[in-house]
1. How far is it, in nm, from the label point at residue 24 to the one at residue 45 when both lie 7 Å from their Cα along the line to the Cβ?
2. Take the Cα atoms of segment 40-90, build their convex hull, and give its volume per residue in Å³.
3. Which order, highest average first, do 32-40, 17-25 follow once you tally other Cβ atoms within 10 Å for each residue and take the mean per peptide?
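Derivation of every value follows stated rules applied to the coordinates shown; laboratory data play no part. All values derive from a computational prediction rather than experimental measurement. Every residue, glycine among them, receives a Cβ derived from its backbone with ideal geometry; neighbour counts consider all protein chains shown.
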Amino acid sequence: MTAIPKPSTRRKTDDRPKLDEFTQQEIAEQLEEAKENDKPVIVMVWKYGTVQGTVEKLDGDRQQIHINQGFNDIIKVPFRDILKVENPST
């Protein structure tokens, strides 16, 4: 009789890149400015790629931002998954 191995009790490690506090603050400021001025942004999202659009809402309760890509196509991105924010003109 062969035994079936038990699943590991170890938690899977999160291979998400760790951003330092300065970088997180810079990202937050860029998103706030884009929302206030209704400017489009390009957001690099971990394990998703790039998202381009305007920031509709910064939801602090759920720790995510809402990005409108046009025609009410809104994508919700968790803050912790944001790696970089760029201006589309650069």
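1. Rounded to a tenth, the inter-label distance reads 2.0 nm.
2. Numbers: hull volume 3.6 nm³, N = 51.
Spread over its residues, the Cα hull of segment 40-90 gives 71 Å³ apiece.
3. Working: 32-40: 13.4, 17-25: 10.2.
Order by mean packing, descending: 32-40, 17-25.
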